[in-house]
Amino acid sequence: MNQTEDCLCRDCLAVWRAPDANDQERAPEAGVCPACRLKRVVRHRELHRLAIAHIDCDAFYASVEKRDDPNLRDSPVIIGGGRRGVVSAACYVARMYGVRSAMPMFKALKACPDAVVIRPNMEKYSRVGREIRKMMRNVTPLVQPLSIDEAFLDLSGADALHGGSPARTLAGLVRRIEQEIGVSASIGLSYNKFLAKVASDLDKPRGFAVIGEREAVSFLHDKPVRMIFGVGKALERKLRQDGIGTIGQLREMDPKRLMTRYGSMGERLYNFSRGVDPRPVDPHSETKSISTETTFENDLSSLSDLAHALWPLCETVARRLRKNDLAAGGVQLKLRDSDFKIVTRSRKLGTPTQLAEFLFQTGVQLLEPEIGETQYRLLGIGAEYLTGAETADIPDLADPDRDKQARVERVMQEIREKLGQDAVVKGRAL
Amino acid sequence: MKLTIERAALLRTLSHVQSVVERRTTIPILSNVLMQAEGSTLSLTATDMDIAINESTPASIGAEGATTAPAHTLYDIVRKLPDGAQVELGKEGDRLELRAGRSRFTLQTLPNEDFPVMTGGEMPHSFAMSGEAMRRIIDSTRFAISTEETRYYLNGVYLHAADDKIRAVATDGHRLAKVESPLPDGAAGMPGVIVPRKTVGELRKLAEETEGDIQISLSDTKIRFAFDGVVLTSKLIDGTFPDYERVIPSGNDKMMQVDCRSFADAVDRVSTIATEKMRAVKMAVNGSALTLSASSQDSGSAVEEIEVGYDNDAIEIGFNSRYLLDIANQIESGQAQFEMADAASPTIVRDIDDAAALYVLMPMRV
């Protein structure tokens with residue numbers, strides 16, 4: 001039987017059916033829109049049946065700055081400095097020079113000395129992000145924001161409302177964002193959140209990538225396990241030690257073995273490796289906590305060793321709080337002992353904080369009572385009861401010394417932003 | 001034990017002591033009120049182990065004795081009895097019998113020997129203060145008491161002698177309230193003590209109508225207030241109150257005079273828009289115009305302008321509207337003075353006609 005594919009023009013939103021693009025003879029003009037003759041065509045057999053999307057703006061901060069200053073259009077632009085001393089975002093021109101997000105500023109400027117460096121204007125980006133989110137919500141109420149510039153959308157059952165398939169509605173939405181807001185975005189379309197997110201990374205910038213049910217498993221087969229949401233450095237290392245490097249290898253694992261070996265992540269590994277992700281798009285989910293953890297090479301038990309390991313984690317959490325414009329209203333400490341038993345301890349803060357110093361102080365207070373004979377293999381710290389950055393680190397009338405410590409950390413941030421992340425560190429980080 | 005007492009007297013006394021009894025307690029005897037009939041008085045005592053309230057009231061005693069009965073139940077019964085009723089209380093075995101008119105109740109009791117007596121211990125410092133001065137001290141500070149559990153030393157009012165005054169301070173880190181009263185005789189050598197929030201609340205209720213003096217005695221660990229037949233004994237918070245004087249700014253030069261009534265009304269109206277969580281209201285002062293504004297992503301924005309006394313550089317500063325209202329409610333003269341430095345530094349608010357009270361407010365970023 002001859003295969004046909006559904007086609008969609010992302011410029012004029014025309015929809016048609018065409019023979020399989022691989023069949024050159026029967027589809028000589030597979031990549032060209034018959035209506036407008038432009039070449040931005042998405043083709044997929046399941047195109048109109050898929051309804052879960054991940055939309056991710058392209059180099060968002062940099063795009064907003066380029067929008068506001070057209071002179072910058074063709075220049076390499078790096079958003080950074082600010083409070084971080086690392087690259088927050090790099091435009092696609094700068095990326096051609098090898099500049100990447102989270103790269104220390106001095107390295108980025110070495111790679112691309114002509115780059116225009118702009119300090120992040122978070123207020124502006126959140127405002128633009130909110131405008132975009134509003135446009136998304138006009139399309140479907142099922143929008144689950146992941147950050148200021150990306151979100152999951154569920155368009156199931158909205159075909160009649162929009163007079164077209166989810167794919168067409170999404171292409172129209174992104175076109176409108178581009179025209180009205182002035183920044184471009186990439187779409188990942190699939191049948192669940194995991195694959196939608198994977199897809200949006202496949203074709204960037206201004207992309208539209210589709211992963212259908214038929215090819216999901218074969219697509220994932222040789223992809224690294226790192227692609228699975230929730231697989232970080234530690235789990236990746238552990239999987240590698242167990243001889244698992246690709247998602248295909250995961251799929252061959254016995255489900256029981258996965259669950260006993262990797263706990264709650266085991267179930268996710270099992271499901272995701274089969275292209276299954278039962279999580280619904282939840283419009284009410286917001287960031288509830290920001291946390292990080294580390295697994296030690298050798299188990300630790302003393303307060304000084306654990307506190308030493310805690311500090312860099314606090315710096316990471318503080319950095320992510322600042323990036324997301326959030327402050328911690330509480331701190332949670334997590335410990336896993338050599339028997340894999342998990343202990344969590346948490347405490348609310350009198351004054352919400354964005355600073356590593358206060359996360360650390362609270363973390364150490366929570367750590368102290370847990371110190372004894374127990375050997376710990378994992379330590380984590382999380383910020384919870386998140387509030388807006390405007391509430392963070394307001395001087396405390398009941399703790400006059402706190403503000404002094406806060407000022408020290410802010411000065412450190414300023415130095416780092418000029419000279420790089422390692423320019424100043426606290427003694428305890430050495 | 002057997003006695004007769006007028007319903008109104010019993011109700012009044014019971015209402016005073018029962019309020020200290022916790023609704024949920026795991027120790028049964030703490031739900032009970034201790035009743036002791038002796039001579040011509042009935043003495044009632046209730047405690048939560050941190051605070052004990054004892055009050056005596058005249059009664060006609062048929063037979064002396066003592067017992068304990070559930071405080072809230074007893075209170076509810078007496079409350080529902082008709083006005084003017086004579087209440088007979090009698091202990092029958094391990095039951096308490098209560099008769100009034102045609103009503104008859106039988107209540108379970110617990111042995112009075114089991115009732116925990118909170119001993120005050122030796123209280124080396126004692127002095128007297130008028131009920132009015134005490135009410136004023138409490139009213140001016142209690143709203144600023146912290147509820148933060150980790151900083152338990154902020155969960156009360158810090159009472160201490162300073163500069164020939166007795167001074168009370170409370171803070172939750174966001175605002176601070178400080179009020180002074182002339183130093184009573186005998187208070188000069190008192191240690192600084194932190195009186196717990198619940199004690200402050202109970203004392204305020206009990207002292208509502210007190211016209212005479214309140215006798216105060218204290219040690220490092222306990223405090224006792226005695227007046228009108230009531231004795232309230234409380235543990236103190238064992239902790240160090242922060243050095244609050246360091247956070248009271250001294251160089252604030254941007255002075256603004258406002259009429260509290262119109263200020264509070266405007267803040268209240270504008271804050272309707274402020275987000276539930278933040279309650280932030282922005283104050284922009286320029287010449288004699290104070291513009292109050294609030295905005296929220298969800299509900300919109302609000303602006304209101306009022307006239308104030310001000311002749312300094314224009315300033316914009318944000319505050320939690322609830323804190324502004326709390327303070328405005330304390331300013332009795334109706335005229336408040338704001339003393340500001342900049343949008344990030346503490347602001348002082350005081351009553352123009354009353355130097356005794358002072359409030360410090362931490363601005364919010366808006």
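The values are calculated or read from the model by the stated rules, or taken from the named source; none is laboratory data. These numbers were taken from a predicted model, which means no experiment stands behind them. Every residue, glycine among them, receives a Cβ derived from its backbone with ideal geometry; neighbour counts consider all protein chains shown. Only protein heavy atoms, including side chains, enter the accessible area calculation; ligands, DNA and RNA are left aside. Shrake-Rupley method; radii C 1.70, N 1.55, O 1.52, S 1.80 Å.
Tabulated data
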read-out	value
Label point distance in nm, B:Ser288-A:Phe106, each placed 7 Å from Cα along Cα→Cβ	5.9
Listing of the stretch B:140-176 residues, each with accessible area lower by at least 20 Å² in the full protein assembly than in the chain alone (probe 1.4 Å)	B:Glu148, B:Thr150, B:Arg151, B:Gly173, B:His174
Net length gained if the chain between A:Arg214 and A:Gln3 were fully extended (0.36 nm per residue, minus Cα distance)	74.6 nm
Net charge of Cβ neighbours under 15 Å - reference A:Ser346; Lys, Arg +1; Asp, Glu -1	-1
The protein assembly as shown: translational diffusion in µm²/s, Stokes-Einstein, Kirkwood Rh over Cα pairs, 37 °C, 0.692 mPa s	102
The stretch A:284-364: chymotrypsin sites (Phe, Trp or Tyr not before Pro) in DSSP loop, at most 12 other beta carbons within 10 Å	A:Phe340
Distant alpha-carbon pairs in chain B (separation over 33 angstrom), percent	43
In order through the stretch A:241-257: 3J(HN,Hα) via Karplus (6.51 cos²θ - 1.76 cosθ + 1.60), integer Hz, x for Gly, Pro	4, 7, x, 10, x, 10, 5, x, 5, 4, 5, 7, 6, 6, x, 4, 5
Whole-number percent relative contact order across the stretch A:217-272, with pairs defined as alpha carbons under 8 Å at least 6 apart	33
Angle in degrees between helix B:131-141 and the longest Cα principal axis of chain B, rounded to the nearest 10	50
Cysteines not pairable in the protein assembly as shown (beta carbon separation under 4.7 Å absent)	A:Cys7, A:Cys57, A:Cys91, A:Cys112, A:Cys314, B:Cys260
Probe 1.4 Å, all protein chains present, accessible-area order of B:Glu88, B:Glu64, A:Glu178, largest first	B:Glu64, B:Glu88, A:Glu178
Chain B: most fluctuating residue of B:Val349, B:Val303, B:Val157 per GNM, C-alpha cutoff 10 Å	B:Val303
Exposure of A:Lys197 as accessible area (Å², to 10), given a probe of 1.4 Å and all protein chains	70
Accessible heavy-atom area order of A:His308, A:His54, highest first, probe of 1.4 Å	A:His308, A:His54
A:Ile342 accessible area, 1.4 Å probe, all protein chains in place, Å² to nearest 10	80
Accessible carbon and sulfur surface of the stretch B:248-361 relative to its total accessible area, %, 1.4 Å	41
Projected-area mean, chain A, by convex hull of Cα positions, square nanometres	24.1
Nearby lysines by direct alpha-carbon distance to A:Lys404 (threshold 16 angstrom, same-chain neighbours under 8 apart not counted)	A:Lys426
Cα-based helix-to-principal-axis angle, B:197-206 vs chain B, degrees rounded to 10	70
Alpha-carbon radius of gyration plus Dmax, which is the widest Cα pair, for the stretch B:194-247 in Å	13.0, 41
Computed lengthening from A:Val364 to A:Thr387, 0.36 nm per intervening residue step minus Cα-Cα distance	6.1 nm
Proximal aspartates and glutamates relative to B:Lys198, as straight alpha-carbon distance under 13 Å, when same-chain residues fewer than 8 apart are discounted	B:Glu22, B:Asp48, B:Asp50
Segment B:Glu88-B:Asp228, length gained on full extension (0.36 nm per residue, minus Cα span)	48.0 nm
log₁₀ of I(q)/I(0) at q = 0.19, 0.20, 0.21, 0.22 Å⁻¹ - the stretch B:125-246, Debye sum with one point per alpha carbon	-1.01, -1.13, -1.27, -1.40
Long-range amide H partners of A:Val86 with built H, under 5 Å	A:Gly81, A:Met105
Mean separation of Cα contacts under 8 Å, 6 or more apart, over the residue count of chain A: relative contact order %	14
Protein-only accessible surface order, largest first, of B:Glu307, B:Glu316, B:Glu97 at 1.4 Å	B:Glu307, B:Glu316, B:Glu97
Value in Å of the Kirkwood radius, where the stretch A:217-272 supplies the Cα pairs that are averaged	10.9
Interface burial for B against A (accessible surface, 1.4 Å probe, total of both chains, Å², rounded to 100)	1600
Residue pairs, from the table A:Lys134/A:Lys197; A:Lys134/A:Lys323; A:Lys233/A:Lys323; A:Lys110/A:Lys197; A:Lys348/B:Lys222, whose Cα atoms sit over 27 Å apart	A:Lys110/A:Lys197; A:Lys348/B:Lys222
Alpha-carbon centroids, the stretch A:335-396 and the stretch A:130-164: separation in whole Å	35
Local electrostatic count, B:Asp228, Cβ distance below 11 Å [Lys/Arg +1, Asp/Glu -1]	-4
Cα-centred dipole magnitude for the protein assembly as shown, charges only on beta-carbon of K, R (+1) and D, E (-1), debye, nearest 20	3620
Where N is the number of residues in the stretch B:1-102, Cα Rg divided by 2.2 N^0.38 Å	0.99
For the stretch A:298-429, the fraction of alpha-carbon pairs in successive 10 Å shells from zero, as %	12, 42, 33, 12, 1
Hz values of 3J(HN,Hα) by residue in the stretch B:41-58 - Karplus curve (6.51, -1.76, 1.60), Gly and Pro given as x	10, 9, 10, 10, 9, 9, 8, 10, 6, 9, 10, 10, 10, 10, 9, 10, 8, x
Per-residue average of Cβ from other chains inside 10 Å of A:387-395	4
Principal-axis tilt of helix A:303-323 within chain A, Cα atoms, nearest 10 degrees	40
Share of pairwise Cα separations in the stretch B:86-132, more than 17 Å, in percent	61
Whole-number D in µm² s⁻¹ for the stretch B:248-361, Kirkwood Cα-pair radius fed into Stokes-Einstein, 10 °C, 1.306 mPa s	113
Amide H contacts of A:Ala14 (H built 1.01 Å from N, under 5 Å, at least 5 apart or other chain)	A:Cys9
Residue mean of other protein chain beta carbons inside 10 Å, A:397-406	5
